[in-house]
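This report concerns only the one structure given below.
The values are calculated or read from the model by the stated rules, or taken from the named source; none is laboratory data. Computed from a predicted model, the values in this text were never measured in an experiment. Here Cβ is always computed from backbone atoms with ideal geometry, including for glycine, and neighbour counts include all displayed protein chains. These area figures cover heavy atoms from the full protein model, side chains too; ligands, DNA and RNA do not enter into them. Shrake-Rupley method; radii C 1.70, N 1.55, O 1.52, S 1.80 Å.
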Amino acid sequence: MMQWETVIGLEVHVQLATQSKIFSGASTAFGAEPNTQACAVDLGMPGVLPVLNENAVAMAVKFGLAVDAEIPETSLFERKNYFYPDLPKGYQTSQMAQPIVGPGQVEITLDDGSTRSVRIHHAHLEEDAGKSLHEDYHGMTGIDLNRAGTPLLEIVSEPDMRSAKEAVAYIKALHAIVTYLGISDGNMAEGSMRCDVNVSVRPKGQAAFGTRAEIKNVNSFRFVEKAIAFEVERQIELIDDGGQVVQETRLFDPERDETRGMRTKEEANDYRYFPCPDLLPVMLDGAYVDHQRALMPELPSEKRHRFENQLGLSAYDAGVLASSRAMAEYFEAVKDVCGDAKQAANWVQGELSANLNRENLEIDDSPVTAGQLGGLIQRVMDDTISGKAAKQVFQALWDGEADSADAIIEARGLKQVTDTGAIEGMIDQVIADSPVQVAQYREADEAKRGKMIGYFVGQVMKASRGTANPQQVNSLLKQKLDQA
Amino acid sequence: MAIEHADVLRAAHLARVGLSEDEATGYVDDLSRILEMVDQLQAVDTQGITPLAHPLDATQRLRPDEVTERSQRDRFQACAPATEDGLYLVPRVVE
């Protein structure tokens, strides 16, 4: 049987988190009434002129720096001409010959923790189109142009990915970069990150690429994986049956879990790109680029390495915690309060994440603040409470019972009894109340005693209502029982 | 470089301009003369010269990222042939 290799390249459109549009002062806020955020420039009214948004430029440059790309001194805007009702000007202002971000690379992390590099061909700025609403308006289509002119950064990869998993890891890496940089909210459900996937297959060992199909608008991590899996299968079957893959655009249908060819147009698209006469060349000198570099936060890969090398976390923990900026910041705040990175990592990835997942919350919405969790961990580390009591305290914080771990420990009387005298008193009582068990214990050999002591520990803990320090109970019990 | 009848029709189609056969024939001559002039320009040796993107010797001014526009939907939609629920209505688009 023939061995096939999958070749994947991605075009990812990232909606930039600017306040206003790329070429106009209209708002980009999501969810406004239709056409209330489409101004004369966005509508392509006669006589208007676009003026480029400095923040869109800054965001694109920061992205370029984050992927080690070259930032050319000059970039140009061009017109991509086509007719569609949600594109009022009859062209999309975009970039082709001289994009704002040149070749770069992104480090991706696979499930097994290994990393590899995916090359970026380039990234360019362009404007988004409006939205067509195909519900029935008396046999007509409704057009909302609020989104027209929203800045997009289109990130084009080289065909460097060889599996759906690598493609997903790549998108996740991009997602982490843009959200860390704060240049996009990365919300795939609202369309802030949209993905076109180019897929082809070739016999393993063949150097030339096979014919590719482009799958449009794949808008979640899971759909990327499914769309690629389906498409690879389809192409291999087609070739095995003696057919040929045709270069075409396909749509992924998440409901039927398949890709379908879009109606093939008789003519190939001819966008007739030409330099936009309304926009002058954009010049960015070294000082500007350095200034943007200075404004950049620590990036996910840098954070991951620091968590691993300076804080001593495992590669896995470091990877999970650095995967989102919100998670990383929460973790570091917890660590700063409690002073122990490993404990902070365990609690954030354990109890906290479990609760967040159960209630389907993002870390930003956590009812337990980083300060509260840090305070709780402190009380475990200084032996004020047992690990078991800590879980109770966490739940109480989660439920909003009090403002701090200390208040809950106090109110519930969870403070561990570490006073040897008090514990000894309880032990003596338990020994006095359990003559049969004591006799059995003392007759048993050392190997069995280990197991039998559990009964006494349980009794003492019960007597202390869980507040005795279990290690202390254990060692004091052993002394007393072994004594006679 | 000469232009053919089919080229004119194709260019008209791409620009969504309706042309009659007679008009198309006229444009074959007009456009061919323009392309002859372009041919003269093509003869100039431009080796090593960076293509000029814009005739003005200036660079793009950048605008601060501020919302400066208010909704003027009613005014814009006053000249639209059909609107409903704030939407512009257009002949049905089928993908």
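How long are the semi-axes of the equivalent ellipsoid of segment A:329-484, taking √(5λ) for every eigenvalue λ of the Cα gyration tensor, in whole Å from largest down?
Numbers: eigenvalues 277, 45, 35 Å².
Value: 37, 15, 13 Å, ordered largest first.
Counting each pair of different Cα atoms once, what's the Kirkwood radius of segment A:1-147 in Å, rounded to one decimal?
Values: mean 1/r = 0.0562 Å⁻¹.
Every distinct Cα pair counted, the radius reaches 17.8 Å.
Just round it to a whole percent: the fraction of Cα-Cα distances in segment A:420-483 exceeding 20 Å.
Working: 344 of 2016 pairs.
Of all Cα-Cα pairs in segment A:420-483, 17 percent lie more than 20 Å apart.
Please report, largest first and rounded to whole Å, the three semi-axes of the ellipsoid equivalent to segment A:311-357, where each semi-axis is the square root of five times an eigenvalue of the C-alpha gyration tensor.
Values: eigenvalues 40, 31, 22 Å².
Listed largest to smallest, the semi-axes of segment A:311-357 are 14, 12, 10 Å.
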Roughly to the nearest percent, how much of the accessible area of chain A is carbon and sulfur, given a 1.4 Å probe?
49 percent
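Classify chain B as rounded, prolate or oblate from the Cα gyration tensor: take a ≥ b ≥ c as the square roots of its eigenvalues, call it rounded if a/c is under 1.5, otherwise prolate when a/b beats b/c and oblate if not. Don't skip to the end; give the middle numbers.
Details: a/c = 3.58, a/b = 1.33, b/c = 2.69.
Here chain B falls in the oblate category.
Largest first, how would A:Leu110, A:Leu295 line up by accessible area (1.4 Å probe)? Could you put the intermediate results ahead of the total?
Working: A:Leu110 40, A:Leu295 95 Å².
The residues order as A:Leu295, A:Leu110, largest area first.
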Other protein chain Cβ atoms within 10 Å, averaged over every residue that makes up B:67-79:
6
Pairing the Cα long axis of helix A:446-463 with the longest principal axis of chain A, what angle in degrees results, from 0 to 90 and rounded to the nearest 10?
80 degrees
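Can you give the Kirkwood hydrodynamic radius for segment A:298-412, in Å, rounded to one decimal and based on Cα pairs? Numbers along the way, then the final one.
Values: mean 1/r = 0.0704 Å⁻¹.
The answer is 14.2 Å.
Helix-derived [θ] at 222 nm for chain A: sum -39500 (n - 2.57) over DSSP H runs of at least 4, divide by residue count, nearest 500? All intermediate terms of the calculation are to be shown ahead of the outcome.
Details: 17 runs with 196 residues, N = 484.
The helix-only estimate for chain A comes to -12500 deg cm²/dmol at 222 nm.
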By how many degrees, 0 to 90 and rounded to 10, does the Cα axis of helix A:164-181 deviate from the longest principal axis of chain A?
90 degrees
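Taking both sides together, what accessible area is buried at the A/B interface, probe 1.4 Å, expressed in Å² and rounded to the nearest 100?
That pair hides around 4000 Å² of surface in total.
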Within 10 Å, count the other beta carbons around each residue, average over each peptide in B:75-82, A:93-100, A:444-451, and list them highest first.
A:93-100, B:75-82, A:444-451
Directionally averaged projected area (convex hull, Cα atoms, the protein assembly as shown), nm²:
40.3 nm²
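Taking a ≥ b ≥ c as the square roots of the Cα gyration tensor eigenvalues, with a/c under 1.5 meaning rounded and otherwise prolate when a/b beats b/c, else oblate, which class fits segment A:57-143? Mind showing how you got there, number by number?
On the way: a/c = 3.75, a/b = 1.68, b/c = 2.23.
Oblate is the answer for segment A:57-143, as a/c is 1.5 or above yet b/c matches or exceeds a/b.
When only C-alpha pairs under 8 Å and at least 6 residues apart count, what is the relative contact order of segment A:4-289, in percent? Working shown, then result.
On the way: 625 pairs, mean separation 71.3, N = 286.
Answer for segment A:4-289 is 25 percent.
Sequence gap at least 6, Cα distance under 8 Å: using those rules, report the relative contact order of segment A:72-159 to the nearest whole percent.
Values: 179 pairs, mean separation 22.7, N = 88.
In percent, rounded to a whole number, it is 26.
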Give me log10 I(q)/I(0) at q = 0.07, 0.08, 0.14, 0.17 Å⁻¹ for segment A:4-289, Debye formula, one equal scatterer per alpha-carbon, no solvent.
-0.27, -0.36, -1.10, -1.51
Carbon and sulfur %, accessible surface of chain B computed with the full protein complex present, 1.4 Å:
54 percent
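If you count, for every residue in A:77-90, the Cβ atoms of partner chains within 10 Å of its Cβ, what is the mean? Present the calculation step by step, with values, prior to reporting the outcome.
On the way: counts 3, 1, 0, 0, 2, 1, 3, 2, 6, 3, 0, 1, 0, 2.
Counting Cβ atoms of other protein chains within 10 Å of each residue's Cβ and averaging gives 2.
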Roughly how tilted is helix A:325-338, in degrees to the nearest 10 and between 0 and 90, from the longest Cα axis of chain A?
30 degrees
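Among rounded, prolate and oblate, which fits segment A:178-218 when a ≥ b ≥ c are the square roots of the eigenvalues of its C-alpha gyration tensor, a/c under 1.5 means rounded, and a/b larger than b/c means prolate? Intermediate values should be presented prior to the final figure.
Values: a/c = 5.28, a/b = 2.47, b/c = 2.14.
In terms of gyration-tensor shape, prolate.
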Beta bridges by DSSP in the protein assembly as shown, antiparallel share as percent, to the nearest 5:
90 percent
Given contacts defined as C-alpha pairs under 8 Å and at least six residues apart, what's the relative contact order of chain A, whole-number percent?
14 percent
